[in-house]
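A.B. asks: What follows is a single structure, and I will ask about it in a moment.
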Amino acid sequence: MIEPTSDPQTPTERRAVLVWRLAAGERFTTRECADILDMTPQCAIRWLYRISRVTPIYFDDPDDTIPRWQRV
């Protein structure tokens with residue numbers, strides 16, 4: 001995976017990093033997404049559901065015991 005060149009400082013930068021990592025095929029729990037986004041899990045899940053309407057990501061994996069956000 002290609003890492004960002006610097007630490008994200010703003011909410012927009014953190015969101016861009018998360019979308020980039022999801023697009024690269026990484027999978028995250030809602031808690032992990034919240035940590036990356038520097039927000040509560042409740043805010044993170046609302047944000048992730050919103051972006052899932054326009055980006056090919058979803059929250060589920062029947063083969064995994066812990067559901068994760070991942071690209072389609």
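Read-outs: derived from the displayed coordinates by stated rules, not from any lab. No experiment lies behind these values; they were computed from the predicted model shown. Using ideal geometry, Cβ is built from the backbone for each residue, glycine included, and neighbour counts are taken over all protein chains shown.
A.B. asks: Taking +1 at the Cβ of each Lys and Arg and -1 at the Cβ of each Asp and Glu, which of M39, Q70, F28 sits farthest along the dipole of region 11-71 towards its positive end, judged by Cα position relative to the Cα centre?
C.D. replies: With unit charges placed on the Cβ atoms, the residue in question is M39.
A.B. asks: Let me ask something else. Normalising by the residue count of the chain, find the relative contact order in percent from Cα pairs under 8 Å and 6+ residues apart. Don't jump to the answer; show the numbers that get you there.
C.D. replies: Numbers: 69 pairs, mean separation 22.4, N = 72.
Here the relative contact order equals 31 percent.
A.B. asks: Mind giving me the nanometre distance, one decimal, between the label points for V54 and I66, set 7 Å out from Cα along Cα→Cβ?
C.D. replies: 3.0 nm
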